[in-house]
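J.: I have a structure here, written as structure tokens, and I will follow up with some questions on it.
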Amino acid sequence: MLHREVGSYILFTVLERIVVGFQDHLPHLFQLFGNMLNDPQSIDVRVITVRSLGEIAQFIDTDDKIELVSIVILIKKIILNTSYRNYFRSFFPL
């Protein structure tokens, strides 16, 4: 179980630091994040995944409808999942 938390945190840290080069991998990242948001054993993996999505969202081109739809679907999944309610404040840096 700890491996998933560490792996998700490393991915978040990489996305937080690297601003170029990952755009070509967005479809794969969206698929991976969709799976990570459904992690049945770790709320930490799900919360870190939401933070990773926040990093990616900053660089999505508003003209790219496929990327926009992909991230909206994932955000909708987050909003509708009640297990995230206590973590909403940690999703957005203040």
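J.: Once the Cα atoms of helix 43-57 and of the chain are each reduced to a long axis, what angle between those two axes, in degrees from 0 to 90 to the nearest 10, is obtained?
T.: That works out to roughly 20 degrees.
J.: Also, quick follow-up: Say we join alpha carbon atoms closer than 10 Å with springs in a Gaussian network model of the chain; which of GLN23, GLN58, GLN31 then has the biggest fluctuation?
T.: Highest fluctuation among the options: GLN58.
J.: Let me ask something additional. Please compute the contact order of the chain in relative form: average sequence separation of alpha-carbon pairs under 8 Å and at least six residues apart, divided by the residue count, as a percent.
T.: Computed value for the chain: 31 percent relative contact order.
J.: Which values of log₁₀ I(q)/I(0), to two decimal places, follow from the Debye formula for the chain at q = 0.15, 0.19, 0.22 Å⁻¹ with a uniform point scatterer at every Cα?
T.: -0.55, -0.90, -1.22
J.: With axes computed from alpha carbons, what is the tilt in degrees of helix 26-36 against the longest principal axis of the chain, rounded to the nearest 10 within 0 to 90?
T.: 10 degrees
J.: Here is a follow-up. With springs connecting C-alpha atoms under 10 Å apart, model the chain as a Gaussian network and identify which of VAL72, VAL45, VAL20 has the largest mean-square fluctuation.
T.: Among VAL72, VAL45, VAL20, the largest mean-square fluctuation in the Gaussian network model of the chain belongs to VAL20.
J.: Taking only Cα atoms, what is the 0 to 90° angle, nearest 10, from helix 65-80's long axis to the longest principal axis of the chain?
T.: Around 20 degrees separate the two axes.
J.: Could you give the length gained by full extension between ASP64 and ILE10, i.e. 0.36 nm per residue of separation minus their alpha carbon distance, to one decimal place?
T.: 16.8 nm
J.: For the chain, the longest stretch holding no chymotrypsin sites (Phe, Trp or Tyr not before Pro) located in a DSSP loop with at most 16 other Cβ atoms within 10 Å is which?
T.: That gives 23-58 as the longest site-free run.
J.: How large is the helix-only mean residue ellipticity at 222 nm for the chain, computed as the sum of -39500 (n - 2.57) over DSSP H runs with n ≥ 4, divided by its residue count, in deg cm²/dmol to the nearest 500?
T.: -20500 deg cm²/dmol
Only the coordinates and a few stated rules stand behind these numbers; no lab work does. Predicted model, so just to flag it, every value in this text is computed and none were measured. Note: ideal-geometry Cβ built from the backbone for every residue, glycine included; neighbour counts use all protein chains shown.
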